[in-house]
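Only one structure is covered here, and it is reproduced in the block below.
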Amino acid sequence: MWLPDDTLLAAWTRLIDDPDTAAAFAELVLEPLADELAWRVPPATPDEVATAAEIAVLAVIKRPERYDPARLPLPAYLLMIARRKLKTAQTAERRHHKSRIPWDSVEDRLPAQNEDGEDDGPSFDAPELRAVIAAFTPAERRALDLQRGGERRTAVFADALGIADRPAAEQEAEVKRVKDRILKRLRRAVGGAP
Amino acid sequence: MTDAVMRLAVRAGCDPHFLAFAFAEYAESEGLDEAGVLALLATTPEGLASARLCRMPRPDPAGFREDVNRIAAKFGLNRDALAVVAKRGQVTAELRRAAAEPSAESAAALLAARDHPE
């Protein structure tokens, strides 16, 4: 349940004056925000709700001055950001599943070389890419294989990276970092913008 | 501190704006798990979570020292270890930014500028 507006406003003011109070601010707003978000957007999974609420709270911690108390209460502002993030994530997920070709069927059609030459992008056999991939750690190679297979589930990547025993948020953060790093290195190798 | 805020603090590790980024980078490069990071910084899980959500220290030497001293004192972290971790996080973030520049020339120029401060 949300605390009174003046309490939240005081926490926000403290956050502007002293950014070190971010954790205290998060204590006040994160759980009420997740609760309200779950109630207002029922089809969302608990993970989706938690993620959207966390992103919204981090956004306010990072740029507290963007919130204007004259325009709307802080809970409404946080909810607005979180709902937008949640909807964007859900839309992206739906789009991904809609356009995704089942991996089994791809393997059936192209049993020997199903990973090469299927689009206009650089082949993974290109020397510059092979050199970069050769420098990957075994965990990065496993992650790359999963990405090439269209895998998106954090749990699967976490398992491949050997971090499945860590807390969910830590897994998610680490998986994102590895994916970003792989993408940047591959893009650099082919001369594209990272 | 709630588990939800602990998770939030870990999530902040994706963003170089937060000190959490430095902790995550250091832990990854040194192969440290959460217990290892806690031991390195000689702090509690609550202290670490609070520090994670702080801004990365300012890059100028005086600002860096002041920020590190303040955060270490406020949340009970080993100051020297925090300074090492934060510095490495800053350098990593800067190199990533340089690498993300659209051309190799601009990245090289940025790196050169770092080596030759005014």
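Answer with one residue from A:ALA134, A:ALA189, A:ALA169: the one whose Cα lies farthest towards the positive end of the charge dipole of the range A:120-189, charges on Cβ with Lys, Arg +1 and Asp, Glu -1.
Among A:ALA134, A:ALA189, A:ALA169, the one farthest towards the positive end of the dipole of the range A:120-189 is A:ALA189.
Please list the radius of gyration and Dmax for the range A:5-98, considering alpha-carbon atoms only, with Å as the unit.
13.8, 46
As a footprinting exposure proxy, order B:GLU34, A:GLU93, A:GLU36 by other Cβ within 10 Å, with the fewest listed first.
By the 10 Å Cβ count, ascending, the order reads A:GLU93, B:GLU34, A:GLU36.
What translational D, rounded to a whole number of µm²/s, comes out for the range B:1-90 from Stokes-Einstein when the hydrodynamic radius is the Kirkwood one over Cα pairs, at 4 °C and 1.567 mPa s?
103
Read-outs: derived from the displayed coordinates by stated rules, not from any lab. Owing to the predicted nature of the structure, the values given are computational and were not obtained by experimental measurement. Counting neighbours? That spans all protein chains shown, and the Cβs are built from the backbone with ideal geometry, glycine included.
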